[in-house]
Amino acid sequence: MLQTQSDLSLQHYADLIRKGEVVAFPTETVYGLGADAWNSDAVAKIFQLKGRPQDNPLIVHVNSLEMAASFLSDFSEDARRLMEHFWPGPLAFILPKRPEVLDIVTAGLPTVALRMPDHPIPLHIITQTGPIAAPSANTSGRPSPTRPEHVRQDFGDELPVIEGGRCLYGIESTVLDLTQKPYTILRPGHIRQSELEQILLQPIKMNHSACDEKIISTISSTSPRSPGMKYTHYAPDARVRWMKREELAMAEKRDPHTLYLQHGTFYGEEELKESGNIIHYRSNYLEMARDLYDRFRMADRNNYAEIAIRPFDEEEESTAALRNRISKAITR
Ligand code: TXA
Ligand code: MG
């Protein structure tokens, strides 16, 4: 539970949101840029600040199943079972919305994205403000912020930011579309496909196009299932690419102007040698995900021309979200 002291300072931010201001806040995934989900002028400020296209809808953050229900025209048993199991947590659901839900929040879609974050700060703030519409707190196209200083890098010191240190997961929530069967993962995240299937006892589809920006650009002229998929994301200024075989095996093939992100078991002797431009996560993919966007931003500040990442085993479920974010950064 939060202490009385921080309750008092959080009250200040809750008041700002109630007055229609925009406030950045931590979650267990990434920092969010929040406004009152029932105030269209306040939500419009989010789009303006981020430079976000109007056709890319926002996630509404709630702190109870009752609050979630207030947005929905149909609250299925499957949705309820998943929420009871995974919330609060890094999982957003796409569900049919009530007509009164603001069009600016859902970009005019008949559906709404809902998530209950597993973090005491937003859970507490929402008790004061009601539901908060929030995208990630980066300017459009930049990597999502995983530390409060990332938010300030993108928006300057004027924007109110609630400090919450480094985010636990470091990549955005799993987005699950429950509006048609088979249910579909539109964005992979910390909560995995198999975990969802174990609870629902039915197959869930992974939208592979979400992992491949080239396919996205060809389908985006039609009607993308998740509008955010058609936009480039997560990209630093440095060029992101996969490591080459010879770079993995031989140190002399490596470029001092490239930041290398390595993981997994060793490929060659030289991989053992960590140095300033070689980071090794071993098999700690949780740490790699937590660190990824921070490294992207650090690479830019340290003027690296490239970020080279060791390729992954395509079958491995524990790296699906990492592969998705890196692929998007590569093909921007
Ligand atoms: O972890 C997270 O989800 C973070 C934290 C702040 O909660 N938020 C976040 O929001 O990543 P954002 O806006 O960066 O990503 C939301 C994604 C976008 O790709 C958007 O297109 C999609 O969810 N989305 C939102 N509403 C949708 C809807 N009704 N139908 C389909 N996709 C939707
Ligand atoms: Mg985002």
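Taking the DSSP bridge list for the chain and keeping only pairs wholly inside it, about 45 percent are antiparallel.
Which whole-number percent gives the relative contact order of the chain, counting Cα pairs below 8 Å spaced six or more residues apart? Dividing the mean separation by the residue count of the chain yields 18 percent. I'd like to know which of F86, P99, T139 lies farthest towards the positive end of the charge dipole of segment 1-147, counting +1 on Cβ of Lys and Arg and -1 on Cβ of Asp and Glu. Going by the charge dipole, the pick is T139. Phi-derived couplings, Karplus 6.51 cos²θ - 1.76 cosθ + 1.60 at θ = phi - 60°, listed residue by residue for segment 66-74: 5, 5, 4, 4, 5, 9, 10, 8, 8 Hz, with x used for Gly and Pro.
Only Cα pairs within less than 10 Å get springs; with that Gaussian network setup on the chain, which residue of A308, A251, A133 has the largest fluctuation? Most flexible of the set in this elastic network: A251. Highest mean first, the peptides 111-122, 320-331, 65-76, 15-26 sorted by other C-beta atoms within 10 Å per residue fall in the order 111-122, 320-331, 15-26, 65-76. Of R297, R98, the order by accessible heavy-atom surface (1.4 Å probe, DNA, RNA and ligands excluded), from most exposed downward, is R98, R297.
Its Cα centre serving as origin, the chain has a Cβ charge dipole (Lys and Arg +1, Asp and Glu -1) of approximately 620 debye.
Surface listing: L159, L286 arranged by accessible area from highest to lowest gives L286, L159, probe 1.4 Å.
Surface calculation, 1.4 Å probe, protein heavy atoms: E163 sits at approximately 100 Å² accessible. Over the chain, with every protein chain in place, what whole percent of the accessible area is carbon and sulfur at 1.4 Å, could you tell me? In the chain, the share of accessible area belonging to carbon and sulfur is 50 percent.
Here the Karplus curve 6.51 cos²θ - 1.76 cosθ + 1.60, taken at θ = phi - 60°, turns the phi angles of segment 117-132 into couplings of x, 8, 8, x, 5, x, 4, 6, 4, 5, 5, 8, 10, x, x, 10 Hz, with x standing for Gly and Pro. For segment 59-131, what class follows from the C-alpha gyration tensor (a ≥ b ≥ c being the square roots of its eigenvalues): rounded when a/c is under 1.5, otherwise prolate if a/b is larger than b/c, else oblate? It comes out oblate by the Cα gyration axes. Surface exposure of segment 36-163, expressed per residue as accessible area with a 1.4 Å probe, stands at 38 Å². For M298, the accessible area of its heavy atoms, probed at 1.4 Å with every protein chain present, is near 50 square angstrom. With each label modelled as a point 7 angstrom along the Cα→C-beta vector, the D55-L159 pair spans 2.4 nm.
Using a 1.4 Å probe and counting only protein heavy atoms, arrange L176, L49 so the residue with the most accessible area comes first.
The most accessible residue leads, giving L49, L176.
The values are calculated or read from the model by the stated rules, or taken from the named source; none is laboratory data. Owing to the predicted nature of the structure, the values given are computational and were not obtained by experimental measurement. Cβ atoms come from the backbone with ideal geometry, glycine included; neighbour counts cover every protein chain shown. SASA here: full protein model, heavy atoms, side chains in, ligands and nucleic acids out. Shrake-Rupley method; radii C 1.70, N 1.55, O 1.52, S 1.80 Å.
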